[in-house]
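K.L.:
Input: one structure, supplied below.
We did not get these values from a lab; they are worked out from the coordinates using the rules stated. As the structure is a computational prediction, the values presented were derived from the model and not from experiment. Using ideal geometry, Cβ is built from the backbone for each residue, glycine included, and neighbour counts are taken over all protein chains shown.
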């Protein structure tokens, strides 16, 4: 049976969790910007993000309302770029695929005119597998960057 999953919009109280998840060594290794960031820098980014109408940050929750991860969509033109980060305790359990698929479908239900794209480091095999299993297809490849896209089935 597939795990139940819920989403809500990020709120100010999520700032600290997202900061910790962002600076986790595995997250940094998989990111294009792998430097650790300061709490001040993160707070400024988070405040701007919450007030940015082109950005949607969703928090994935389980049935007990425990945070599983976050999904961010940045809309520009006719595309929205997705970014995902799982709570370190919930990695390696197949949740990435489920979160990606459900968040992508939810986003497209609300913004059907957009196409979702993702940029993944080619060396980030777990993310590539999760995106592929979630229904993302390869769009282009350049250097260490693989660009993928999603369409609802």
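K.L.:
Taking only the stretch 130-153 into account, find how many residues are over 16 Å from residue 78 (Cα atoms) and in contact (Cβ under 8 Å) with a residue 24 or more places away in the chain.
P.N.:
8
K.L.:
Which condition breaks for residue 108 when tested against (1) farther than 21 Å from residue 131 by Cβ; (2) surrounded by 13 or more Cβ atoms within 10 Å (Cβ to Cβ); (3) without any contact (Cβ under 8 Å) to a residue 60 or more places away in the chain?
P.N.:
The number of the failed condition is (1).
K.L.:
Same structure, new question: Just need a number here: residues in the stretch 1-16 that are surrounded by 16 or more Cβ atoms within 10 Å (Cβ to Cβ) and part of a helix (DSSP H, G or I).
P.N.:
2
K.L.:
Further, regarding this structure: Here are 116, 125: which of them is surrounded by fewer than 15 Cβ atoms within 10 Å (Cβ to Cβ) and either under 21 Å from residue 34 (Cα atoms) or touching a residue at least 40 places away in the same chain (Cβ under 8 Å) (or both)?
P.N.:
One residue alone meets the criteria, 125.
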